Every structure is written in C-alpha cells, then in structure tokens.
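Asks: Quick one: this structure, given as structure tokens, is what I'll be asking you about.
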Amino acid sequence: MKINSIKTRVILNSAGAKTIETKVTLSDGSFGVASVPGGISKGKSEVTSIEPIESAKRVGEISEKLTSREFDSQKEFDSFLIELDGTSDKSNLGGNTMLSLSVAFCKACAKAEGLETYQYIHNIHNPEKLLSEAKFFMPRMMMLILEGGLHGSGGATIQEFMAIVETIDRGVEIYKSVKNELHKLGQSTNVGAEGAFSPDGYDNEQILSLLNGYLHGEKIALDIAASSFSEAGWELPDYDVILGNYPVESIEDQYGEDDWANWELFAREKLSNMKNKLMIVTDDLTTTNPAILEKAIAREVGNAIVVKPNQIGTVSETLQVIKMAQNSTWKVVISHRGTDTNDDFIADLAIGSGAEFVKFGAPARGERVAKYNRLTEIIG
Ligand code: PGA
Ligand code: ZN
C-alpha cells in the first residue's frame, strides 16, 4: 500500500477536552479516519500521549517519510512508526499520534481490499483461517449501569457496576429499570463519564443491591479500579462480602497496579476451586502491554485482560496482546475509555479478533452508543 496523504486535526472528546483525528488516504483513493480516546483512571505503564496540537505538528513533520514508501502490511506500517518514534514509551511521536495513524491506516487498507474493517482484522489476526470460513459472533457485553470512583459523582468508590448481557436490548432494559427506580426514589438520573447513573449517598453495597434487584439471572462485572484508591484516600472493598452476597462473574483491577503479591494471592485463592468461574481481569495492571501480559500470565495473577488500543499505541501490538491472551486461554475484554470519541473501531476489533467480551459503557451517550450500534451493524 502506498499512502497518498495524511492529515491530523484537533477535535473534542466526550469530556470537551482536545484529542486528535487522523485521516490517511491511500494512492487508490481509499481512506480511513480514526480518533483517539483518553483515560480518566490511567495505568502507569500506558504509553505517553502528547498534546493534540503537538500531535498534529508531528504528523506534519513525518508525513513525507510515510508517503514516500510502500507498506505491505499493518505490521510493517506499525513497525515503521515504532522505529520513527524510537522511545520505549512512545513519547516522541506520542502514543495517541501513533494510534490515530495506525487505526486510520488499518481502516484505509480494509477499504482498499474491499473489506469491512473487522474482516481485514480477521485476516491479520487469523491468517490461517479463510475469511469465507470465519464465524463471527457477538461478544458478551459488560454493560455499564452504575458508576462511581473517579468516574462518578455519588458515594460509591467502585468505578464500574456492569451487567453481563448477551443482547443490547436486555442491557437497555436493566438500564431503564434502574433509571425508573432512581427517579421514583427522587434521585438524580444524570449520568457519569461513561453514561451510567451515579446516585448520591449510595455506597458500593447499596448500588450492588439496587442493580441485583433488576437482574434476571444475568451476572455482574465490576471494575474496582483499585489503583485510584490510595490517591483518593479510600479503603479497598471487602471482596469476600461482595463475592459472597452478589452474583459477580468478573472483577477487574481489584488491587493496585504495583500490588502483584496481592493479585497472586487473590487469584490463587479464587481460581483454585475449579467450580469457581470468577473472571479476574487485569487492566491498569497490564495496560495492553505484551511484556507485562507475559509476566501476568506467568505469575497467574488473573485469567482475563482488558484491551485498550490507546494504552499501547498501535493496532499490531494490540493484536499481539490479544493473540497472547487467546493462546493462554485468557479471556479478552475489548474496552472503550473514560473520555472517548464517536470512533467505533473497537467494535470491529472485538469481532474481527474473536474477543469474548466488550466493555463499551452504558447504552447512553453518543460515543458509547456508536460502538454498540457498530456491533449490531456487523452481527445484526
Ligand atoms: P479509564 O477507565 O478509561 O477512565 O481509564 C476505564 C477502565 O478503567 O476500565
Ligand atoms: Zn479498568
């Protein structure tokens, strides 16, 4: 593939802050547009983002290098970006700059081959399996209903209270029931960063029992986001109480990102019983980083990983992490970010790579809904 032109511009994200959008146009006229989300509770090992205005400048500086040669594959393009950047944390070009280029290139190449983005991703991810024989499926959705911690405004310290649903309709039903209940109780139904409710004065257990009251056999997924607790001066929840009293299938970042010893102990205890199907999900701990995931798998600290492309900065490295997880029978949860855009690439990423789960926020707010709508556009 030969790139004809690249343009990066500054746009607003869902929090009214600046981020970037990049358009890559290939010599045959096919183009891809990608924009970059941002985190509110970021992991320390995420790649470095640079100021959006700097990103746009950087792209201007390197665009001749990118347009003056052929790239035969996504891998080749991403490797070239990594080489141009030359740092271990992508702080020279900026992880955000690199991701926007990488995703825009991916979308453009898909178009050039007459494929949908998820099909193109399938071909990169599973080259041994013919596209015509591939079976694409709807991931299970960890749908956000209530939020607390740094994402919310009420009293709960746990960041995300999610219902694991098989269909968007069922998630919407739970979301609406909780909304009606809060309304009846005279509570605000204003929503937090990711579109979920954040009732005032509710602690973690009160939120859990509110949510549990509207489940019809569905299970709960929690993102504790424990790394933000110490700075905020909060105590970690009592996990035995929570797991003992509520139908929790999945728990994410239940200890801080430096607390490997507690991660190990927790996983050893919870996973030793084969009947216990708890998913222990790493996010801030692994930051979509292949080297850290390798360590996490070796130390058996969990059995599932959150994948956020902007934590690592290129499509190829993101797919590498997904492959590593899949080869180790770790489950994959493709995730949005606290401040996001209308880009729906991660829906294609989830379906194209065969991820079992997605985490796209509440079924409200345009930037969240865009991703759910893309899932149904692909799978129906
Ligand atoms: P963030 O949080 O995108 O605000 O960092 C989402 C998560 O922790 O999963
Ligand atoms: Zn998380």
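Asks: Among the residues of segment 164-175, are any within 16 Å of ligand 1 (Cβ to nearest atom), assigned by TED's automatic domain parsing to the domain that holds V307 and not hydroxyl-bearing (S, T, Y)?
Replies: yes
Asks: Please find, within segment 327-371, the residue that is modelled with the lowest pLDDT out of those that are among the hydroxyl-bearing types (S, T, Y) and more than 13 Å from the chain's Cα centre (by Cα).
Replies: Within segment 327-371, the match that is modelled with the lowest pLDDT is T329.
Asks: When you look at A296, is it within 16 Å of ligand 2 (Cβ to nearest atom), crowded, with 21+ Cβ neighbours inside 10 Å and either at positive phi or hydrophobic (A, V, I, L, M, F, W, C) (or both), yes or no?
Replies: yes
Asks: Also: Determine which member of the set E317, E294 is charged (D, E, K, R), in contact with a Ser or Thr (Cβ under 8 Å, 6 or more places away or on another chain) and touching a residue at least 12 places away in the same chain (Cβ under 8 Å).
Replies: Selected residue: E317, the only one of E317, E294 that is charged (D, E, K, R), in contact with a Ser or Thr (Cβ under 8 Å, 6 or more places away or on another chain) and touching a residue at least 12 places away in the same chain (Cβ under 8 Å).
Asks: Would you check which residues across segment 264-293 are within 26 Å of D89 (Cβ to Cβ) and within 14 Å of ligand 2 (Cβ to nearest atom) and list them?
Replies: Result: V281, T282, D283, D284, L285, T286, T287, T288.
The rows are residues; the columns are (1) modelled with pLDDT under 95; (2) surrounded by fewer than 24 Cβ atoms within 10 Å (Cβ to Cβ).
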site: R140; (1), (2): no, yes
site: L146; (1), (2): no, no
site: G154; (1), (2): yes, yes
site: T157; (1), (2): no, yes
site: E166; (1), (2): no, yes
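Asks: Turning to a different aspect of this structure: Please go through segment 169-188 and pick out each residue that is closer than 16 Å to G361 by Cα, open to solvent by less than 60 Å² (accessible area, probe 1.4 Å) and either of a type outside the set (G, A, S) or not in a helix (DSSP H, G or I) (or both).
Replies: Within segment 169-188, R170, V172, I174, Y175, V178 meet the criteria.
Asks: Now for a separate question. Tell me, please, whether a residue that is at pLDDT 95 or above and under 28 Å from H122 (Cβ atoms) can be found in segment 254-269.
Replies: no
Asks: Of V321, V358, V306, V333, which residue is touching an Asp or Glu at 6+ places or on another chain (Cβ under 7 Å) and buried (at least 22 other Cβ atoms within 10 Å of the Cβ)?
Replies: Answer to the check: V306.
Asks: Just to be sure before I move on: is N123 free of Cβ contacts under 8 Å to residues at least 24 places away in the same chain, polar (S, T, N, Q), part of a helix (DSSP H, G or I) and not assigned by TED's automatic domain parsing to the domain that holds D223 in the structure I sent?
Replies: yes
Asks: Among the numbered criteria (1) modelled with pLDDT of 95 or more; (2) within 16 Å of ligand 1 (Cβ to nearest atom); (3) open to solvent by less than 20 Å² (accessible area, probe 1.4 Å), which single criterion is violated by T48?
Replies: For T48, the failing item is (3).
Asks: When you go through (1) within 16 Å of ligand 1 (Cβ to nearest atom); (2) open to solvent by 20 Å² or more (accessible area, probe 1.4 Å) one by one for F136, which number turns out not to apply?
Replies: (1)
Asks: Now for a different question. Going by the conditions given, is L265 buried (at least 17 other Cβ atoms within 10 Å of the Cβ) and on the phi < 0 side of the Ramachandran plot?
Replies: When the stated conditions are applied, L265 does not pass them.
Asks: When segment 51-81 is examined, which residues are found to be among the charged types (D, E, K, R) and either out of contact with any helix residue (DSSP H, G or I) (no Cβ under 7 Å at 6 or more places or on another chain) or surrounded by fewer than 18 Cβ atoms within 10 Å (Cβ to Cβ) (or both)?
Replies: Of everything in segment 51-81, those that are among the charged types (D, E, K, R) and either out of contact with any helix residue (DSSP H, G or I) (no Cβ under 7 Å at 6 or more places or on another chain) or surrounded by fewer than 18 Cβ atoms within 10 Å (Cβ to Cβ) (or both) turn out to be E51, E54, K57, E61, E64, K65, R69, E70, D72, K75, E76.
Asks: Follow-up question, since we're still on this one. Could you list, in sequence order, the residues of segment 193-215 that are within 23 Å of R368 (Cβ to Cβ) and assigned to a loop (DSSP other than H, G, I, E, B)?
Replies: Passing the criteria: A193, E194, G195, A196, S198, P199, D200, Y202, Y214, L215.
Asks: Is it fair to say L150 is within 16 Å of ligand 1 (Cβ to nearest atom), open to solvent by 20 Å² or more (accessible area, probe 1.4 Å) and not polar (S, T, N, Q)?
Replies: Taking the combined requirement at face value, the residue satisfies it.
The values are calculated or read from the model by the stated rules, or taken from the named source; none is laboratory data. Keep in mind that what you see is a predicted model, and the values were worked out from it rather than measured. Note that we place each Cβ from the backbone using ideal geometry, even for glycine, and neighbour counts take in every protein chain shown. Note: accessible area is taken over every heavy atom of the protein model, side chains too, but ligands, DNA and RNA are not part of it. Shrake-Rupley method; radii C 1.70, N 1.55, O 1.52, S 1.80 Å.
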